[in-house]
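This report refers to the structure that appears directly beneath it.
No value in this document is a laboratory result; all are computed from the given coordinates. Since we're looking at a predicted model, the values are computed, not measured. Here the Cβ is made from the backbone with ideal geometry for all residues, glycine too, and neighbour counts use every protein chain on show.
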Amino acid sequence: MFLSVFDIFKIGIGPSSSHTMGPMTAAVDFLDKLKKGEGGRFDPRSVARIRASLHGSLAFTGKGHATDRAVMLGLLGFRPDAVNADLAEQQLGDLQNSEKLTLPECGDVAFSPEADLTFDYGPALPHHANGMKLTALDASGEVLLTETYYSIGGGFVMTEAELIASEKAPDADLHQEQEAVGYPYPFGSASEMLEMGEASNLSIAEMKRINEETALGPETLTNRLDAIWTVMNACIDRGLEQEGTLPGGLSVKRRARAIHQRLLDQCGANSKQPHTINDWLSVYAMAVNEENAAGGQVVTSPTNGAAGVVPAVIRYYRDHCVDVTREGIDTFLLTAAAIGGLIKHNASISGAECGCQAEVGSASAMAAAGLCAALGGSNAQIENAAEIALEHHLGMTCDPVKGLVQVPCIERNGMGAIKAVSAASLALHGDGSHFMPLDNCIETMRQTGQDMREKYKETSLGGLAVNLPEC
């Protein structure tokens, strides 16, 4: 099995990787198919109108997650990792007024944001909770092309045909071998990861680096890792500077800047409490997730809803730990991505599939493993750290109030960061031997997600989302 670091850490915009980045990517893919006439099946110039429908979780929490905005941005040609905010807002305004898209090879195509983009609150589409359909019609109303997409978590998108093919893979182990051809260390489970590490006398980060360099080369890998950390760190800094109220109607105030200032004042007065380190972890994570809630640029880690945990723990490592190195940040990212890839491959990183245990739980496991590695932990200690962090998120529901990635998501990232540091520390105090293997914990998370009622899986139909303060 091979998932790249850059499958797990993707630069994009908030507030949701599944509900924002995924649908935007799907819309861009649909445009590419239209531009080619779907392999010559029709003349692109015959496309007269485009329609879109959102289903399942994309419908129920789509307004709060700005999924409609994401689809329109994708149809306007914007990609998640390259959105010019000012230009995007201008073109969205133009689309509202003109109800017209100007598409490559197709020309002017009708699209009414009100009439042609619908939220279907009926049953979800059959293969995943996050489903959407895009349809192109000619001037007479005849369907030229229709495609069903599923946003499967972390910004990943699959067409219905691709998802069905993956479900029908007859032999999971064979499928892993086919995916991993050409990669020296194609571990598909934590046990394989540990076995390969022991046989090669390499760390998890070293194995991951060798795999990545096979595809990218050393210089490109280094540059892209630098870019990921640069965006993460800049997001923390932006979040620590901003004030005001977050969009969406909940009137949630940004808190990161005020908390950060109080922490700085305590340092200056030499009056900090021992537990203040937890406040630093929380404020770094909250800064990221306040930026995410505002639609700013973030890095999926492994999702937008959990985007604050890994950056917060890296910032903690850089600014608060001893014997820190720049190489330690790369070790952190490579190790965290290895763990995130295992969780995604063997369970899920999608809140709509498995609840927040799959988002913040996965992020906390990744951060625990990354910190343990950066602080010199053995492969066995790293696996232990990831297991501790994930184990103590099992059963966590995804119940965002009004579908907004704000309550409880922002604070929850802070708690995930604190658990990650505690898990790494516990693992480093041991020798790596422990009772519950990470593989078993990942499988438990998958089973728990399957058993969890739909109202607790990013639909905003249960939990905190319906138990609101009386006004």
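A cut-off under 10 angstrom between Cβ atoms defines the neighbours of residue 129, and their net charge, with Lys, Arg +1 and Asp, Glu -1, is -2. Compute the long axis of helix 379-391 from its Cα atoms, compare it with the longest principal axis of the Cα atoms of the chain, and write down the angle in degrees, 0 to 90, nearest 10. It works out to around 60 degrees. Report note on the peptides 129-139, 368-378, 245-255: ranked by the mean count of other C-beta atoms within 10 Å, highest first, their order is 368-378, 129-139, 245-255. Taking square-rooted eigenvalues a ≥ b ≥ c of the alpha carbon gyration tensor, is the range 286-327 rounded, prolate or oblate, where a/c under 1.5 means rounded and, failing that, a/b exceeding b/c means prolate? Taking the square roots of the gyration eigenvalues as a ≥ b ≥ c, the range 286-327 is prolate. Taking Cβ atoms as reference points and 15 Å as the exclusive limit, the residues near residue 431 contribute a net charge of -3, counting Lys and Arg as +1 and Asp and Glu as -1. Loop-located trypsin sites (Lys or Arg not before Pro) in the range 377-471 (DSSP state not H, G, I, E or B) with no more than 13 neighbouring Cβ atoms inside 10 Å: 453.
Annotation: lysines with alpha-carbon distance below 24 angstrom to residue 63 (same-chain offsets under eight excluded): 10, 100, 133, 253, 402, 455, 457. Summarising the strand pairing of the chain, around 80 percent of its internal DSSP beta bridges are antiparallel. Amide H to amide H, with H built 1.01 Å from N, residue 117 comes under 5 Å of 52, counting only residues 5 or more places away or on other chains. Residue ranges 308-314, 39-45 sort as 308-314, 39-45 when ordered by packing (mean number of other C-beta atoms within 10 Å per residue, highest first). Sort the range 193-248 into rounded, prolate or oblate with this rule: let a ≥ b ≥ c be the square roots of the eigenvalues of the Cα gyration tensor; rounded if a/c is under 1.5, and if a/c is not under 1.5, prolate when a/b is larger than b/c, oblate otherwise. Cα axes put the range 193-248 in the prolate bin. Each Cα pair of the range 335-424 feeds into the Kirkwood radius, which the Stokes-Einstein equation turns, at 10 °C and 1.306 mPa s, into a diffusion coefficient of 124 µm²/s.
The H on the amide N of residue 48, modeled in the peptide plane, is under 5 Å from the matching H of 137, 138, 139, each at least 5 residues off or on a different chain.
The Kirkwood radius of the chain, taken over pairs of alpha-carbon atoms, gives through the Stokes-Einstein law at 25 °C and 0.890 mPa s a diffusion coefficient of 108 µm² s⁻¹.
From the alpha carbon centroid of the range 102-137 to that of the range 215-284 is 36 Å. Packing, taken as the mean count of other beta carbons within 10 Å per residue, orders the peptides 421-430, 181-190, 91-100 from highest to lowest as 421-430, 181-190, 91-100. Computed from Cα positions, the angle between helix 256-269 and the longest principal axis of the chain comes to roughly 20 degrees. Considering only the other residues whose Cβ falls under 9 Å of the Cβ of residue 355, what net charge follows from Lys and Arg at +1 and Asp and Glu at -1? Spelling it out: positives minus negatives among the neighbours equals -3.
Computed from the C-beta positions of residue 199 and residue 440 and an R0 of 25 Å, the FRET efficiency is 0.70 to the nearest 0.05.
Take the alpha carbon gyration tensor of the range 225-307, find the square roots of its eigenvalues, order them as a ≥ b ≥ c, and report rounded if a/c is under 1.5; if not, report prolate when a/b exceeds b/c, else oblate. Taking the square roots of the gyration eigenvalues as a ≥ b ≥ c, the range 225-307 is oblate. In order along the range 105-113, phi translates into HN-Hα couplings of 6, 9, x, 6, 10, 6, 7, 9, x Hz, rounded to whole numbers, per the Karplus curve 6.51 cos²θ - 1.76 cosθ + 1.60 with θ = phi - 60° and x for Gly and Pro.
The long axis of helix 190-200 is offset from the longest Cα principal axis of the chain by roughly 60 degrees. Each label was represented as a point 7 Å from its Cα along the Cα-to-Cβ direction; for residue 46 and residue 243 these points are 6.0 nm apart. Full extension of the chain between residue 271 and residue 319 gives 15.4 nm of extra length, using 0.36 nm per residue less the Cα-Cα distance. Taken as Cα centroids, the range 311-332 and the range 376-406 sit 19 Å apart, rounded to the nearest whole angstrom. Structural size metrics of the range 62-129, computed from C-alpha coordinates, are Rg and Dmax of 13.4, 37 Å.
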